[in-house]
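What follows is a set of notes on a single structure, which appears directly below.
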């Protein structure tokens with residue numbers, strides 16, 4: 001399956017969850033499939049998406065869904081261990097695994113040597129996707145705009 | 001347990017970190033969690049040794065700065081000894097200045 005088709009299926013079923021997307025093409029594709037204020041696109045700081053999701057899930061009652069690439073999760077693998085330790089009921093992780101660094105030319109990652117769901121058996125799902133880029137445009141919002149509307153969404157009275 | 005403190009321990013600051021929420025495996029992990037906690041409307045604190053400060057430069061410069069997320073309060077130990085701490089110890093205050101990190105509580109080891 002193409003990653004963007006997988007993202008379409010996921011976003012079709014999103015209601016009021018906070019969605020955190022990892023850096024690179026995943027953020028672009030989610031933005032183009034279903035942009036909403038409750039999406040936080042991590043553009044830069046590779047490896048940060050799951051930690052941000054954990055911080056949010058610890059201190060909001062909202063459900064949090066992190067959509068991350070295999071490269072992003074591999075960069076901060078300890079955070080996947082922490083997710084398994086905390087077992088937060090309002091945190092879900094979907095790893096879209098294309099076994100490569102898609103944003104930099106498709107160089108292979110080590111994800112074929114690990115079963116992420118054995119590291120984290122709690123609310124962690126891996127979807128294998130084809131290493132094909134959809135070519136959708138960049139996120140057409142500034143970092144500050146993304147932060148402000150997300151912050152207001154999370155902290156609205 | 002909700003003390004909003006996240007970081008990696010150091011013996012020099014152990015009196016300040018008896019009430020932490022999570023001892024993280026890496027300082028980057030603490031910084032990413034703290035960003036999420038701030039987005040949830042809270043004011044987190046992070047703690048680490050100065051060697052950890054060198055590890056988190058990317059999260060400060062490509063997460064906190066571009067999104068204009070305020071840097072969390074930092075409880076930081078500056079170590080100079082033994083020898084492997086000497087070089088990081090010498091540059092730590094310059095790194096804090098470069099990152100424009102204001103809200104820092106420092107415990108510094110004698111040189």
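The values are calculated or read from the model by the stated rules, or taken from the named source; none is laboratory data. Small disclaimer: the values here were computed from a predicted structure and weren't measured. Here the Cβ positions follow ideal geometry from the backbone for every residue, glycine too, while neighbour counts run over all protein chains shown.
Here are some notes:
- Number of the condition not met by residue A:5 [criteria: (1) in contact with a helix residue (DSSP H, G or I) (Cβ under 9 Å, 6 or more places away or on another chain); (2) in a helix (DSSP H, G or I); (3) more than 9 Å from chain B (Cβ to nearest Cβ)]: (1)
Quick grid of which residues meet (1) buried (at least 23 other Cβ atoms within 10 Å of the Cβ); (2) touching a residue at least 24 places away in the same chain (Cβ under 8 Å):
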position	(1), (2)
A:77	no, yes
A:88	no, yes
A:91	yes, yes
A:105	no, no
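- Of the helices (runs of 4 or more DSSP H) lying entirely inside region A:54-130, those containing at least 1 residues that are more than 11 Å from chain B (Cβ to nearest Cβ), at pLDDT 95 or above and under 13 Å from the mean Cα position of the chain (by Cα) span A:70-75.
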